[in-house]
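Worksheet: the structure to be examined is printed underneath.
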Amino acid sequence: MTPPYYAVIFTSRHSTDTAGYTEMAEAMETLAARQPGYLGMDHARSEIGITISYWKDLNAIRDWKSNLAHTEAQKLGKSHWYDSYTVRVCKVEREYAFQRDTNSI
């Protein structure tokens, strides 16, 4: 990805009612990938879940937030799957990376 672009950081704490969560999360990731302006997604889960989705611009984020299937998933999240969550929208102005060359070891 070439900056600038946007990151939506979703952190959550699950409730004890997680039935159907994994399937919905997979469906939402597939659906998000089809949205105009989608750039990618990263996940991590331990005590808290972290999902970061990357978007071309704020309009793409707004369109994703208002997607009907995503809106339904949000309602189910509030009523069943999450005890709490936070959403942060950030503009990424710079990025850099490191990757070890495992073939030379």
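What the table below lists for this structure:
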| quantity | calculated |
| --- | --- |
| Verdict on residue 65 being of a type in the set (Lys, Arg), under 17 Å from residue 10 (Cα atoms) and without any contact (Cβ under 8 Å) to a residue 40 or more places away in the chain | yes |
| Options 57, 17; residue that is of a type in the set (D, E, K, R), touching a Gly at 6+ places or on another chain (Cβ under 8 Å), touching a residue at least 24 places away in the same chain (Cβ under 8 Å) and surrounded by fewer than 16 Cβ atoms within 10 Å (Cβ to Cβ) | 57 |
| Residue check for residue 71: hydroxyl-bearing (Ser, Thr, Tyr) and at pLDDT 95 or above | no |
| Every residue from region 50-105 that is under 16 Å from the mean Cα position of the chain (by Cα) and in a loop (DSSP other than H, G, I, E, B) | 56, 57, 66, 67 |
| Selected residue [touching a residue at least 12 places away in the same chain (Cβ under 8 Å), among the hydroxyl-bearing types (Ser, Thr, Tyr) and farther than 12 Å from residue 6 by Cβ] from 22, 51 | 51 |
| Matching residues in region 20-45 - criterion: being loosely packed, with under 13 Cβ neighbours inside 10 Å, part of a strand (DSSP E or B) and of a type outside the set (Asp, Glu) | 43, 44, 45 |
| Residue match in region 58-66 (condition: hydrophobic (A, V, I, L, M, F, W, C), farther than 30 Å from residue 16 by Cα and modelled with pLDDT of 95 or more) | yes |
| Condition met for residue 11 (part of a loop (DSSP other than H, G, I, E, B), surrounded by fewer than 16 Cβ atoms within 10 Å (Cβ to Cβ) and of a type outside the set (Gly, Ala, Ser)) | no |
| Scope region 1-25; condition within 14 Å of the chain's Cα centre (by Cα) and closer than 23 Å to residue 57 by Cα; matching residues | 6, 7, 8, 9, 10, 11, 25 |
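The values are calculated or read from the model by the stated rules, or taken from the named source; none is laboratory data. Everything numeric in this text was worked out from a predicted model, so none of it was measured. Please note: Cβ atoms are built from the backbone with ideal geometry, for glycine as well, and neighbour counts cover all protein chains shown.
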